[in-house]
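Since the structure comes first, as structure tokens, the remarks are kept for the end.
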Amino acid sequence: MRNLCQLSLLILFFILVGCSNSTGYKNEDVVAIVRGEEITIGDLRFLYPDEKIMDAIEGTVKAVLVIQEARKLKIDVAEEVQEIIEEHPTYPAEEDASPVAEMIRNFADSQAKKLGMEPEDYYKKYIEATSEGMAYMNAYVQEIVGEFQGDIDDIDEYNEQGNKVLNELVAKYKDEIKIFIK
């Protein structure tokens, strides 16, 4: 059941972080400042295809805010981060023709080419970079809403509660969030 909840929150995370083109910006250009922490175009370019960057700004702001708030609450996610990293497969072998493997390869290959990296290296760093955010997102929502107790039919309601918590967090700190590129 815990994995189902994590999967659901992982999907929520990716929905939040999602179409303009970002190629006119430099990597060091600041997209937003969230309670003093800068998010740059380079940060977003690492995580998203260029055509998705502008759509990902709001979700990335929420993710940074959740990480900050969870740390403020002294929520420890070290074990969960390690579990997420271990649960995610490595870059899939070419022989794996499954839809998930194809999706991972297409994404990692494109991003790696853009960033001048090998796809295997990119995917490993991507999983490491996103695992912390996923773990904090899961832990924070569970801290506020409670652990998911229902069955698969109740997951949408739980996700709605989680989304409400995130929106309330953004509203609470709206004066400390500045978005410069929209």
List the number of the failed condition for Ile75; all other conditions in (1) touching a Ser or Thr at 6+ places or on another chain (Cβ under 6 Å); (2) modelled with pLDDT of 95 or more hold. (1)
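For segment 48-66: of the residues being surrounded by fewer than 18 Cβ atoms within 10 Å (Cβ to Cβ) and within 16 Å of the chain's Cα centre (by Cα), which is farthest from Val141 (Cα to Cα)?
Once the filter is applied, the top-ranked residue is Pro49.
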Hey, Lys114 hits all of (1) of a type outside the set (Val, Ile, Thr); (2) surrounded by fewer than 18 Cβ atoms within 10 Å (Cβ to Cβ); (3) modelled with pLDDT under 90 but one; which does it fall short on? (3)
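I need the full set of residues from segment 117-152 which are of a type outside the set (A, V, I, L, M) and outside any helix (DSSP H, G or I), in order please. Show your work before the answer.
Pass one, segment 117-152, residues of a type outside the set (A, V, I, L, M): 118-126, 128, 130-133, 136, 138, 140, 142-143, 146-151.
Hits for segment 117-152 are Glu118, Gly146, Glu147, Phe148, Gln149, Gly150, Asp151.
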Of the candidates Asp121, Asp151, the one satisfying the condition of being of a type outside the set (Ser, Thr, Tyr) and loosely packed, with under 12 Cβ neighbours inside 10 Å is Asp151
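The values are calculated or read from the model by the stated rules, or taken from the named source; none is laboratory data. These numbers were taken from a predicted model, which means no experiment stands behind them. When we count neighbours, we look across all protein chains shown, and the Cβ atoms used for this are built from the backbone with ideal geometry, even at glycine.
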